[in-house]
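Everything below concerns the one structure shown next.
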């Protein structure tokens, strides 16, 4: 972690301080749907929303956004429910188009379900001994990663911090593809996720430290102005819970609770924990089978406190960012200054206002206060999962049960 006090230097330099330059291909071009051609006169309009078309997709003329929407809806078997009369306007100028009516129009203009390639789970067959928790909200209420920054899903004006977090997190994921790239492979080649050992998982977490620090520095107003030591106090208290919480976020994205998906895209196979505790170097004093007997209950603890509750409530990306913010801007920390406490309280209040705005104006949830209360109830469970992880690392380190890298050990205890 490389926090700097001046405005010229930001973290490891992976992410620019003042936002990101260049155009965002996910942002719609607000062109009048009544024009049959774009300004160059070379492309017909999208037959669904009137945006500039991008050719024939799945049997109909469509723009990139509508083609991606149809592909995602069919591949993930999404079900949408219209909140109106089933005849909502579908125009590119409307920020939050009705998904149900948009999908219906896709079918009406000739898009074919069978033209969409069947979705293939990159993380293999779901473990037969793992049950998926039932969700308490309708299917389709969560966002996939490709939806996070689209204007159709979010009103940016009422939630500036969450929108910035979302945009910067998308850039963070792009940087991750380079940072976690395996030697001898190309960043342009699709990576096949694999089950990792504990050494590989620890290495991923160690690489993440500077990247996550940069994400934070670029996303919160007032945070970069705090003294360096105060930023370190907040980050040390935040990083490990973030790693654990992010695993729950990935579980929701892929609808899996039998694997723990890492930031690299690889995963820990909870159904076969012996693969996780295997030491390819042969230096481990305890066999992988004995390590499983000692630590396997931690996997069920993680599932019980993190993945199952998040899957049950179908926590989406913006709720994940809200939880991250509340964990980061904690108060009552040792060495925390009064100035830092004031900044933390101000940002926590802003985040809670923004998530309520999101519930009311984007998700249209009937009882936003109850939804927020349920979201906040996830934080104590996250603390339990974090403590359990720290205890396991401490036991393995003190008794030399299996080798833990010193840097990773210090990081887990907030000493970095």
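The values are calculated or read from the model by the stated rules, or taken from the named source; none is laboratory data. A quick note: this is a predicted structure, and the numbers were derived from the prediction, not measured. Here Cβ is always computed from backbone atoms with ideal geometry, including for glycine, and neighbour counts include all displayed protein chains.
Among the candidates 244, 261, which residue alone is under 30 Å from residue 199 (Cβ atoms), crowded, with 18+ Cβ neighbours inside 10 Å and in contact with a strand residue (DSSP E or B) (Cβ under 7 Å, 6 or more places away or on another chain)? Before you say what the answer is, go through the steps one by one.
On the way: 244 fails: in contact with a strand residue (DSSP E or B) (Cβ under 7 Å, 6 or more places away or on another chain).
Just one listed residue meets the conditions, 261.
State yes or no: is residue 333 in the same structural domain as residue 206 (by TED's automatic domain parsing) and surrounded by 18 or more Cβ atoms within 10 Å (Cβ to Cβ)? Even if it seems obvious, please write down each step before you answer.
Numbers: in the same structural domain as residue 206 (by TED's automatic domain parsing): yes; surrounded by 18 or more Cβ atoms within 10 Å (Cβ to Cβ): no.
Against the criterion (in the same structural domain as residue 206 (by TED's automatic domain parsing) and surrounded by 18 or more Cβ atoms within 10 Å (Cβ to Cβ)), residue 333 does not qualify.
Would you confirm whether any residue within the stretch 221-234 is under 17 Å from residue 337 (Cβ atoms), modelled with pLDDT under 95 and buried (at least 18 other Cβ atoms within 10 Å of the Cβ)?
For the stretch 221-234, residues under 17 Å from residue 337 (Cβ atoms), modelled with pLDDT under 95 and buried (at least 18 other Cβ atoms within 10 Å of the Cβ): present.
Of all residues being in contact (Cβ under 8 Å) with a residue 40 or more places away in the chain and not in a loop (DSSP other than H, G, I, E, B) in the stretch 90-107, which is surrounded by the most Cβ atoms within 10 Å (Cβ to Cβ)? Just the residue, please.
Result: 106.
How many of the residues making up the stretch 33-53 are modelled with pLDDT of 85 or more and part of a loop (DSSP other than H, G, I, E, B)?
So in the stretch 33-53, the residues modelled with pLDDT of 85 or more come out as 44-53.
Pick out the ones that are also part of a loop (DSSP other than H, G, I, E, B) and you get 44, 46-51, 53.
Final tally of qualifying residues: 8.
A quick yes/no check of all residues on (1) within 30 Å of residue 266 (Cβ to Cβ); (2) modelled with pLDDT of 85 or more; (3) not assigned by TED's automatic domain parsing to the domain that holds residue 346:
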position: 71; (1), (2), (3): yes, yes, yes
position: 107; (1), (2), (3): no, yes, yes
position: 114; (1), (2), (3): no, no, yes
position: 132; (1), (2), (3): yes, no, yes
position: 153; (1), (2), (3): yes, no, no
position: 157; (1), (2), (3): no, no, no
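Count, please, the residues in the stretch 248-264 that happen to be more than 18 Å from residue 175 (Cα to Cα) and part of a helix (DSSP H, G or I). Show your work before the answer.
So the first thing to find is which residues in the stretch 248-264 are more than 18 Å from residue 175 (Cα to Cα), and the list is 248-249, 251-260.
Now restrict to residues that are part of a helix (DSSP H, G or I): 248-249, 251-254.
Going through the stretch 248-264 one residue at a time, the tally reaches 6.
So that you can scan it fast, the table gives a plain yes or no per residue for (1) at pLDDT below 90; (2) within 25 Å of residue 264 (Cα to Cα); (3) in the same structural domain as residue 324 (by TED's automatic domain parsing); (4) surrounded by 15 or more Cβ atoms within 10 Å (Cβ to Cβ):
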site: 64; (1), (2), (3), (4): yes, no, no, yes
site: 81; (1), (2), (3), (4): yes, no, no, no
site: 85; (1), (2), (3), (4): yes, no, no, no
site: 88; (1), (2), (3), (4): no, no, no, yes
site: 139; (1), (2), (3), (4): yes, no, no, no
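Being under 17 Å from the mean Cα position of the chain (by Cα) and assigned to a helix (DSSP H, G or I) is the filter here; which residues of the stretch 205-222 pass it?
205, 208, 209, 211, 212, 213, 214, 215, 216 - these are the residues of the stretch 205-222 that are under 17 Å from the mean Cα position of the chain (by Cα) and assigned to a helix (DSSP H, G or I).
Go through 276, 320 for me and flag whichever is surrounded by 20 or more Cβ atoms within 10 Å (Cβ to Cβ) and modelled with pLDDT under 95. Talk me through it step by step, then tell me what you get.
Values: 320 fails: modelled with pLDDT under 95.
Matching residue, one of 276, 320: 276.
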